[in-house]
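Peer 1: Take a look at the following structure, please.
The values are calculated or read from the model by the stated rules, or taken from the named source; none is laboratory data. Note that this is a predicted model, so its numbers are computed, not measured. Note: ideal-geometry Cβ built from the backbone for every residue, glycine included; neighbour counts use all protein chains shown.
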Amino acid sequence: MKITTARAALKAACLLLIAGPAIAATASAPPAPPAGVYALDKTHTSVSFRVNHLGFSHYTARFSRIDGKLTFNSAAPAAMAVEASIDPTSLELNAPPAGFHDQLMGASWFNAAAFPAITFKSTKVAVTGPTTAQVTGDFTLHGVTRPVTLAVTYNGGWPANAMDGSRVGFSAHGVFKRSAFGMGFGVPAAGSTLGVSDDVEVMIETEFGAGAPVKPK
């Protein structure tokens, strides 16, 4: 009787060793955020860019007025869509010289008076991994619209709870040539670094939210 009990206990222990990690992973997996339309969380969103300056550094700046929305569906990521809009006059610079911001808003650069919005509207989502995708969209800058692709990572999310509504978060990165959008002023000649690079590197950190916190019963 004792031998039978010992064998049963040993068998149960072996099964636990084999199935335990899978059971634990299932038990600890957070619930997925629900599908739906999510609004950009402006408080937790940043869009920054950098360009090579004379070959000496990568000059970095950011925009502070951004809006957008996301059609989210974790069960069908290839069907998701996003669109965003940036006010170019919200450009924030590090200790700019007097008049430099106005110069950048002028005709040689952003020409913000004629083109008051920078926009992106996705046209394709190509899933590349469990939490990554290449998101291609129509990018409009300086009045010119061309396709740009962003490498996007899904950082996670949760459904509405007692403290917050449904929330999802992403990081994104991309590179485009500003001359392709009619902003070729100051681009260095071939083989030279005397100017501001044609390549513009974009870094995005963003969250989107939907609904209201769930009130405790």
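Peer 1: Filter the stretch 130-157 for residues that are surrounded by fewer than 15 Cβ atoms within 10 Å (Cβ to Cβ), among the small types (Gly, Ala, Ser) and in contact with a Ser or Thr (Cβ under 9 Å, 6 or more places away or on another chain) and give the result.
Peer 2: ALA151, GLY156, listed by residue number.
Peer 1: Let me ask something else about it. Could you say which residue among THR149, THR136, THR145 is farther than 25 Å from GLY211 by Cα, among the β-branched types (Val, Ile, Thr), more than 19 Å from the chain's Cα centre (by Cα) and assigned to a strand (DSSP E or B)?
Peer 2: Being farther than 25 Å from GLY211 by Cα, among the β-branched types (Val, Ile, Thr), more than 19 Å from the chain's Cα centre (by Cα) and assigned to a strand (DSSP E or B) holds for just one of THR149, THR136, THR145, which is THR145.
Peer 1: From the list VAL187, VAL202, VAL175, which residue is touching a residue at least 40 places away in the same chain (Cβ under 8 Å) and in the same structural domain as ILE118 (by TED's automatic domain parsing)?
Peer 2: VAL202
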